[in-house]
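These notes concern the structure reproduced below.
The values are calculated or read from the model by the stated rules, or taken from the named source; none is laboratory data. Only a predicted model underlies this, so the values are computations on that prediction, with no experimental measurement involved. Reconstructed Cβ throughout: ideal geometry from the backbone, glycine too, with neighbour counts over all protein chains shown.
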Amino acid sequence: MAEYICPVCRQKIPRDLTVFLNHANQHIIQAVKKEHPDWVEKDGLCPKCTEYYERAKKGEEFSFRRKR
Ligand SMILES: [Zn+2]
């Protein structure tokens, strides 16, 4: 099975689940790049990271590291 390693969290996921961000997700792209300067959007993200950064941009500014 083709696997993909998320460049952000290093988690292995099936390649099918890779999320590729487009222009509509520019804010997420920027947020990821802030923490991972080497990452480029064509690398993709795992769904978990996508959700994480999506939430980060919706929530308070970037008080990263989830508090909970
Ligand atoms: Zn990830």
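Here are some notes:
- Failed condition for Ala56, given (1) modelled with pLDDT of 90 or more; (2) touching a Phe, Trp or Tyr at 6+ places or on another chain (Cβ under 7 Å): (1)
- Looking across segment 1-56 at every residue that is of a type in the set (S, T, N, Q) and out of contact with any Gly (no Cβ under 7 Å at 6 or more places or on another chain), the one that is nearest to the ligand (Cβ to nearest atom) is identified as Gln11.
- When restricted to residues that are under 24 Å from Ala2 (Cα atoms) and of a type in the set (S, T, N, Q), segment 13-47 contains 2.
- Subset of segment 1-28 (residues that are under 11 Å from Gly44 (Cβ atoms) and not in a strand (DSSP E or B)): Cys6, Pro7, Val8, Arg15, Leu17, Thr18, Phe20, Leu21
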